[in-house]
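Some notes on the structure that comes next.
The values are calculated or read from the model by the stated rules, or taken from the named source; none is laboratory data. Predicted model only: the values in this text are computed from it and were never measured. All Cβ positions, glycine included, derive from the backbone under ideal geometry; neighbour counts span all protein chains shown. When the accessible area is computed, the model is the full protein with side chains, heavy atoms only, and any ligands, DNA or RNA have been set aside. Shrake-Rupley method; radii C 1.70, N 1.55, O 1.52, S 1.80 Å.
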Amino acid sequence: MGNYYQPEIETMPVEELKKLQSERLVAQVKHVYENVEFYRNKMDAIGLKPEDIKGVEDLHKLPFIEKDDLRDQYPYGLLAKPLSECVRIQSTSGTTGRRVVAFYTQHDIDLWDECCARAIVAAGGTKDDVCHVSYGYGLFTGGPGLNGGSHKVGCLTLPMSSGNTDRQIQFMTDLGSTIICCTPSYAAYLAESIHERGVRDQIKLKAGIFGAEAWTEEMRHDIEDKLGIKAYDIYGLTEISGPGVSFECEEQTGMHVNEDHFIPEIINPKTGEVLPEGEKGELVFTCITKEAFPLLRYRTRDICILSRKKCSCGRTHIKMSKPLGRSDDMLIVKGVNVFPSQIETVLMNQGYPANYQIIVDRVNNSDTIEVQVEMTPEMFSDSLSVVAAKEKELVAGLKAMLGIYAKVKLVNPKTIARSEGKAVRVIDKRNLYKS
């Protein structure tokens with residue numbers, strides 16, 4: 001009991017929390033209706049007026065927002081505040097060219113930092129800790145979010161970003177990092193590197209806050225054993241602000257959603273019907289405090305379960321399970337969102353047929369991605385050096401599109417199995433979503 005950043009909010013009785021959510025939702029619906037033409041049109045189309053939303057019980061009347069809406073409205077179509085009041089953007093890795101760009105007012109950033117601060121405190125963080133942030137910085141939300149949260153808690157913050165493992169380990173030992181924030185696969189890689197260098201006894205880590213990709217309980221225990229820490233899960237998405245939408249407490253049985261800012265629902269992905277608590281379905285979020293870029297009923301495509309079961313940590317906010325899968329075909333590789341359609345775009349642009357297979361694996365705790373592509377019959381007679389040069393070109397094209405290295409293997413025509421219905425484009429050997 002007792003690790004809270006904002007105890008009065010985090011342990012608020014559920015009835016009071018619902019009342020707060022209702023007030024904020026009513027104000028938010030009015031805000032977007034008046035300031036965002038997109039929402040106004042969507043609501044007018046179904047004859048819904050802001051005054052029809054009187055509280056959380058009316059949330060289901062609002063239309064859904066999908067990722068495609070965000071792309072269609074890029075860049076300013078969903079902006080609910082004047083640009084003069086916005087101080088920052090963050091962005092996701094773009095699919096087929098058009099990225100998702102989220103805007104923030106200073107107030108939005110303060111609230112986001114508070115959400116991340118709650119996660120750090122839940123993991124045992126105090127102002128005496130050294131918080132080592134190895135998520136990517138820049139447009140990616142991981143680094144900036146936990147960096148801001150760490151400042152709010154008062155930790156000594158090391159804005160390491162990802163990569164350069166020698167430097168990571170040097171600062172970890174010299175400055176006595178106690179909390180590490182990064183992707184689970186990077187944590188596993190760091191653990192391995194620390195053991196290889198024989199510096200395990202110089203490491204003072206006590207906790208890790210890991211997110212941005214799927215990971216199993218087995219992986220959690222492995223990292224905990226190797227680093228002698230407790231590993232906590234954190235969840236978020238750029239569209240909703242970034243990490244800190246929900247986070248794990250010491251019970252480690254799911255992530256508390258920051259319900260004073262985000263209202264979660266679980267829906268049937270096929271029908272859109274809201275499912276009762278405890279049912280498995282697609283997670284939908286409504287932002288009730290965001291000013292610049294508030295999404296209402298945003299479909300995350302993550303499949304999970306919500307639970308109000310009383311938690312031993314004393315927090316009253318609802319818990320979500322780890323995402324148990326996706327309702328679309330997105331892959332998360334090395335913390336980066338990858339869609340088969342992006343890969344297809346690169347192949348088509350370089351004149352290849354759409355016969356390909358994506359093989360994702362995890363080797364030595366690090367994600368690998370290989371794209372196998374059929375050569376055209378004309379290429380079949382090319383020399384090995386020509387084929388190797390063509391593979392290189394594709395590697396460069398994929399790196400530019402995805403932001404990560406993908407191995408490319410050109411295979412003989414007609415060697416990738418044709419399927420009768422939906423082509424099996426992706427073979428994911430990582431076994432991440434064990435339900």
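Does any residue of segment 398-405 turn out to be among the charged types (D, E, K, R) and exposed (fewer than 15 other Cβ atoms within 10 Å of the Cβ)?
At the first step, the residues of segment 398-405 found to be among the charged types (D, E, K, R) are 399.
Okay, now just the ones that are also exposed (fewer than 15 other Cβ atoms within 10 Å of the Cβ), so 399.
Yes, there is a match, as at least one residue in segment 398-405 is among the charged types (D, E, K, R) and exposed (fewer than 15 other Cβ atoms within 10 Å of the Cβ).
Which condition number does Lys152 fail, the rest of (1) over 21 Å from Glu259 (Cα atoms); (2) open to solvent by 40 Å² or more (accessible area, probe 1.4 Å) being met?
Only one criterion in (1) over 21 Å from Glu259 (Cα atoms); (2) open to solvent by 40 Å² or more (accessible area, probe 1.4 Å) is unmet by Lys152, namely (1).
Out of (1) more than 23 Å from the chain's Cα centre (by Cα); (2) closer than 25 Å to Gly242 by Cβ; (3) hydrophobic (A, V, I, L, M, F, W, C); (4) open to solvent by less than 20 Å² (accessible area, probe 1.4 Å), the odd one out for Val56 is which?
Status for Val56: all satisfied but (4).
Check segment 92-109 and report whether any residue there is among the aliphatic types (A, V, I, L, M), out of contact with any Pro (no Cβ under 9 Å at 6 or more places or on another chain) and crowded, with 20+ Cβ neighbours inside 10 Å. Even if it seems obvious, please write down each step before you answer.
In the first step, residues of segment 92-109 are kept if they are among the aliphatic types (A, V, I, L, M); the result is 100-102, 109.
Narrowing the set further to residues that are out of contact with any Pro (no Cβ under 9 Å at 6 or more places or on another chain) leaves 100, 102.
Narrowing further to those that are crowded, with 20+ Cβ neighbours inside 10 Å: 100, 102.
For segment 92-109, residues among the aliphatic types (A, V, I, L, M), out of contact with any Pro (no Cβ under 9 Å at 6 or more places or on another chain) and crowded, with 20+ Cβ neighbours inside 10 Å: present.
Which condition number does Ile203 fail, the rest of (1) β-branched (Val, Ile, Thr); (2) closer than 24 Å to Asp108 by Cα; (3) over 18 Å from the mean Cα position of the chain (by Cα) being met?
(2)
Would you be able to say whether some residue in segment 411-420 is in contact with a Ser or Thr (Cβ under 7 Å, 6 or more places away or on another chain) and among the small types (Gly, Ala, Ser)?
no
Could you tell me how many of the residues in segment 246-260 are surrounded by fewer than 24 Cβ atoms within 10 Å (Cβ to Cβ) and more than 15 Å from the chain's Cα centre (by Cα)?
Kept after step one, since they are surrounded by fewer than 24 Cβ atoms within 10 Å (Cβ to Cβ), are these residues of segment 246-260: 250-254, 256-257, 259-260.
Filter again for more than 15 Å from the chain's Cα centre (by Cα), leaving 250-254, 256, 259-260.
The number of residues fulfilling the criteria is 8.
Out of the residues in segment 338-353 that are modelled with pLDDT under 85 and open to solvent by 30 Å² or more (accessible area, probe 1.4 Å), state the one that is nearest to Asn268 (Cα to Cα).
Ser341
Considering each residue of segment 34-56, count those that are more than 22 Å from Lys67 (Cβ to Cβ) and part of a helix (DSSP H, G or I), and give that number.
Final tally of qualifying residues: 6.
Can you name the helices (runs of 4 or more DSSP H) wholly within segment 93-199 that have at least 1 residues being under 22 Å from the mean Cα position of the chain (by Cα)? Talk me through it step by step, then tell me what you get.
On the way: elements: 106-122, 142-153, 165-174, 184-197.
Where helices (runs of 4 or more DSSP H) fall fully within segment 93-199 and carry at least 1 residues being under 22 Å from the mean Cα position of the chain (by Cα), they are 106-122, 142-153, 184-197.
Does Thr376 satisfy the condition of being open to solvent by less than 60 Å² (accessible area, probe 1.4 Å), among the polar types (S, T, N, Q), without any contact (Cβ under 8 Å) to a residue 40 or more places away in the chain and touching a strand residue (DSSP E or B) at 6+ places or on another chain (Cβ under 7 Å)?
Details: open to solvent by less than 60 Å² (accessible area, probe 1.4 Å): yes; among the polar types (S, T, N, Q): yes; without any contact (Cβ under 8 Å) to a residue 40 or more places away in the chain: yes; touching a strand residue (DSSP E or B) at 6+ places or on another chain (Cβ under 7 Å): no.
Judged against the criteria, Thr376 is not a match.
Cβ-Cβ below 9 Å, separation at least six or inter-chain, first residue in segment 300-328 and more than 14 Å from Ala122 (Cα to Cα) and open to solvent by 50 Å² or more (accessible area, probe 1.4 Å), second part of a strand (DSSP E or B) and of a type in the set (Gly, Ala, Ser): which pairs?
So the pair list comes out as Ile305/Gly281.
What residue, of Lys49, Lys61, Lys30, is open to solvent by 80 Å² or more (accessible area, probe 1.4 Å) and more than 21 Å from Ile240 (Cα to Cα)?
Values: Lys61 fails: more than 21 Å from Ile240 (Cα to Cα); Lys30 fails: more than 21 Å from Ile240 (Cα to Cα).
Unique residue meeting the criteria: Lys49.
Got at least one residue in segment 272-280 being buried (at least 20 other Cβ atoms within 10 Å of the Cβ) and either in contact with a Leu (Cβ under 9 Å, 6 or more places away or on another chain) or under 25 Å from Leu20 (Cβ atoms) (or both)?
For segment 272-280, residues buried (at least 20 other Cβ atoms within 10 Å of the Cβ) and either in contact with a Leu (Cβ under 9 Å, 6 or more places away or on another chain) or under 25 Å from Leu20 (Cβ atoms) (or both): absent.
Among the residues of segment 353-371, is there at least one that is part of a helix (DSSP H, G or I) and either out of contact with any helix residue (DSSP H, G or I) (no Cβ under 7 Å at 6 or more places or on another chain) or in contact (Cβ under 8 Å) with a residue 60 or more places away in the chain (or both)?
No, that holds for no residue.
Name, by its number, the condition in (1) over 27 Å from Thr92 (Cβ atoms); (2) in contact with a strand residue (DSSP E or B) (Cβ under 9 Å, 6 or more places away or on another chain); (3) open to solvent by 20 Å² or more (accessible area, probe 1.4 Å) that does not hold for Ile359.
(1)
In segment 73-87, what residues are farther than 13 Å from Glu37 by Cα and assigned to a loop (DSSP other than H, G, I, E, B)?
Taking segment 73-87 first, the residues farther than 13 Å from Glu37 by Cα are 74-75, 82-87.
Tyr74, Pro75, Pro82 - these are the residues of segment 73-87 that are farther than 13 Å from Glu37 by Cα and assigned to a loop (DSSP other than H, G, I, E, B).
With the condition kept exactly as written, say whether any residue in segment 203-213 is surrounded by 20 or more Cβ atoms within 10 Å (Cβ to Cβ), part of a helix (DSSP H, G or I), aliphatic (A, V, I, L, M) and modelled with pLDDT of 95 or more.
no
Out of all the residues in segment 421-435, which are modelled with pLDDT of 55 or more and part of a loop (DSSP other than H, G, I, E, B)? Lay out the reasoning, then the answer.
Filtering segment 421-435 down to residues modelled with pLDDT of 55 or more leaves 423-433.
Once the filter is applied, which keeps residues that are modelled with pLDDT of 55 or more and part of a loop (DSSP other than H, G, I, E, B), segment 421-435 yields Ala423, Val424, Arg425, Lys429, Arg430, Asn431, Leu432, Tyr433.
Cβ-Cβ below 6 Å, separation at least six or inter-chain, first residue in segment 37-49 and under 16 Å from Asp72 (Cα atoms), second surrounded by 11 or more Cβ atoms within 10 Å (Cβ to Cβ) and small (Gly, Ala, Ser): which pairs?
Taking only residues 6 or more apart or on different chains, the pairs are Phe38/Gly77.
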